[in-house]
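One structure is given below, encoded as structure tokens.
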């Protein structure tokens, strides 16, 4: 990220102002954490708690949920849930990916693997996001990565904690270097609690582009109007002169 040292200082100062809100790995295990994190992605803690409870009550086990079609998951969590279709589609893809590798909906091989292998395994699952992989790896397997979703990313950009030209991939990588693995649960919990209380925001760069386009269009329209106004009286003047000439000719002919 550009000006990394400068923004590192800003981030540390910013973290001191965050509310205290530490998170823990889900009590039902790594796969449950994956499902819960997918419900929490770009949503609030209250929404995720309710959605996970509904899913758990609706299905016998994780394998039953894996076989669900996206529209069936949406029926359980509700059509008004944020990004319901994309969320359900991604969840199905991730659970299917685990089943194809494990022949079960469990992450046994990840628990037995090293941190590098665990990171590669989780991040390579189809439908995976930085936020879900970050939570599962950091909370369940002690890997030094940081969870970040669109909601958190935009809030940090608005706060000026990230460089304005930074994208999501850069932000996730940079934050992973700023926060130690033992501190991820504290910083992530506090950051997400802060971000979900903020109103929805857009990237600053988008607003700038719109402003520039508007500024370019306005002078052209004004210039076109001026040309139209000036050209109109000239045409009328020509017509008047022609009429006078015709009248003079007629009078001369009569004489």
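Just a few scattered comments:
- Here the label points at residue 69 and residue 103, each 7 Å from Cα along the C-beta direction, are separated by 2.9 nm in the simple model.
- In this rough spin-label picture, where each label sits 7 Å from Cα along the Cβ direction, the residue 27-residue 45 distance is 1.6 nm.
- Segment residue 167-residue 4, extension gain: residue separation times 0.36 nm, minus the distance between their alpha carbons: 57.3 nm
- 18 Å cut-off, amide nitrogen to a point 7 angstrom out along residue 85 Cα→Cβ, residues in region 22-61: none
- At q = 0.11, 0.12, 0.16, 0.18 Å⁻¹ the log10 of I(q)/I(0) for region 4-196 amounts to -0.48, -0.57, -1.00, -1.24, computed by Debye summation with a single uniform scatterer per C-alpha, solvent ignored.
- Taking 146, 14 and counting other C-beta atoms within 10 Å, the order from fewest to most: 14, 146
- Computed extension length for residue 14-residue 58: 11.7 nm, one decimal, from 0.36 nm per residue of separation with the Cα-Cα distance subtracted.
- Residues 115, 46, sorted so that the one with the fewest Cβ neighbours within 10 Å comes first: 46, 115
- Counting every other Cβ atom within 10 Å of each residue's Cβ, 174, 41 order from fewest to most as 174, 41.
Coordinate-derived values only; no laboratory data. Remember, predicted model here, so these are calculated numbers, not experimental data. We place every Cβ from the backbone using ideal geometry, glycine too, and count neighbours over all the protein chains shown.
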